[in-house]
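Everything below concerns the one structure shown next.
Laboratory data are not the source of any read-out in this text; all were calculated from the coordinates shown. The structure presented is a predicted model; accordingly, all values stated were derived computationally and were not measured. Backbone-built Cβ (ideal geometry, glycine too); neighbour counts: all protein chains shown.
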């Protein structure tokens, strides 16, 4: 299994496709700005710990009493 | 009476003694704004007509013996992501430059009910995230201590306006440090309340799970006065806690005798903090120790871990809020906002959920530390304000930099910045940050008040040309 942190950086072709898949199409100027900042975010994403136990606390909870309080 | 740098408490006392009145004070501050804000750029819109009507109403009520509490007749201003009925709320963005809300945000409604006087809407980093930006319809706010510098952000106008003597308090918002940063860089008190303590209904969201409204003032005592009005359950904001609001003003004089206060080990060194910061923090801890607190050292995860976790969650949540605009008009955002938020478009769902799980782990390590101590202290900012130079403001700082405010955003605990010195080289404020357990906003204010009773850093103010 590949460790995320060992993967090569996303290429410009991949980044353009991933943005397109999200419905975002940028001019070349704006895309190049994005290419300049993405490596910092990519590094952060790849540093996230991922080995949690099945029974660990949930990532978030939904308190229906607060949403639907009458 | 010159009311420019009066605290809320002092202004209220002056009203009671007849030394000034809400109308006179409001007029004087509006004149000061007209005279000096051309250099500070703290206001996007001055609501002079609204303010004078509200001030006159407060004056009539006071004359008739009616009092609405400590904010009655006190001028203030709102960060321009807080909706105000009938008053444009821009988010400091081209995207919303003509948007007029129909309803006040809950925090604005509460302040109106308390008789406070709305003087205007304040500059912010674009949608409380993208800044300082020089490519938006309004210029970025400047730091009143030296207008060659910036006031921090994102509640940039709030910090600048209070420091400049334009209003005695302002309401900002804080997701990762946006109240505490400007408070630190402008020599003010700024509180990120506990998550769920103050309603965010009617406030433009940044990161749903970390957004807070909070006051910027000249003293911890004034923060307590504002919190007494804005804190409390709101059935229209599911994040708010339905628990009683303490009388923060009544509790603030409790002192620090016997409290265990923990300096977080290693954060300043990890981030390469300003060389004069260590001495200022040590001196502040010495003051607290002399007042009877016990100073200890505590170890938490590094700032890198906290900053990574917060940044991933923020990018995804903030992109979701503005996704449609990113698809249809991305060029209308400022460059810094666009590049800080757009990564959220391509961060995967699993990454976001793992970051949320990690957030719980980080919050729990703070809870464990708080079994041994009563409060944390760190610097309020890692250095001094940035120069107002568009070329020197790194658009990608969010992608690489470290934040000393975000650990308390992750855990949702209250955190307050107060001034603790000034640099010799630049003459700019340095700041102390105090954090405690969830809903212990009163304890944080108590510690800060004790510190401010023994020091006078918060009494200093800039002189505007």
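Annotations
- Packing around the peptides B:15-21, B:403-409, B:413-419, B:198-204, taken as the average count of other Cβ atoms within 10 Å per residue, puts them in this order, highest first: B:413-419, B:403-409, B:198-204, B:15-21.
- Report note on the peptides B:276-282, B:226-232: ranked by the mean count of other C-beta atoms within 10 Å, highest first, their order is B:226-232, B:276-282.
- Degrees, to the nearest 10: A:12-21 long Cα axis against longest axis of chain A: 50
- With a 10 Å cut-off around each Cβ of B:306-319, the average count of Cβ atoms from other chains is 2.
- Two-site FRET efficiency, residue B:294 against residue A:5, from Cβ-Cβ distance with R₀ of 45 Å, rounded to 0.05: 0.65
- Relative contact order of region B:233-312, defined on C-alpha pairs under 8 angstrom at six or more residues apart (%): 37
- The label-point distance for residue B:331 and residue B:371, in a model that sets each label 7 Å from Cα toward Cβ, rounds to 5.8 nm.
- For chain B, averaging the sequence separation of C-alpha pairs within contact (under 8 Å, six or more residues apart) and dividing by the residue count gives a relative contact order of 18 percent.
- Residue by residue along A:32-40, Cβ atoms of other protein chains within 10 Å of the local Cβ number 6 on average.
- Beta bridge orientation in the protein assembly as shown: antiparallel %, DSSP, nearest 5: 65
- FRET efficiency, 1/(1 + (r/R0)^6) with R0 25 Å, evaluated for residue B:31 and residue B:98 via beta carbons: 0.30
- Burial order of peptide ranges B:236-246, B:326-336 (average beta-carbon count within 10 Å, highest first): B:326-336, B:236-246
- Mean residue ellipticity (222 nm) of the protein assembly as shown, computed from DSSP H runs ≥ 4 via -39,500 (n - 2.57), nearest 500: -12000 deg cm²/dmol
- Look at the stretch B:237-246: the mean tally of other chain Cβ atoms within 10 Å of its residues' Cβ atoms is 2.
- Rounded to 0.05, the FRET efficiency of the residue B:400 and residue B:283 pair, given R0 = 25 Å and the Cβ-Cβ distance, is 0.20.
- Looking at chain B, the DSSP beta bridges with both ends there are about 65 percent antiparallel.
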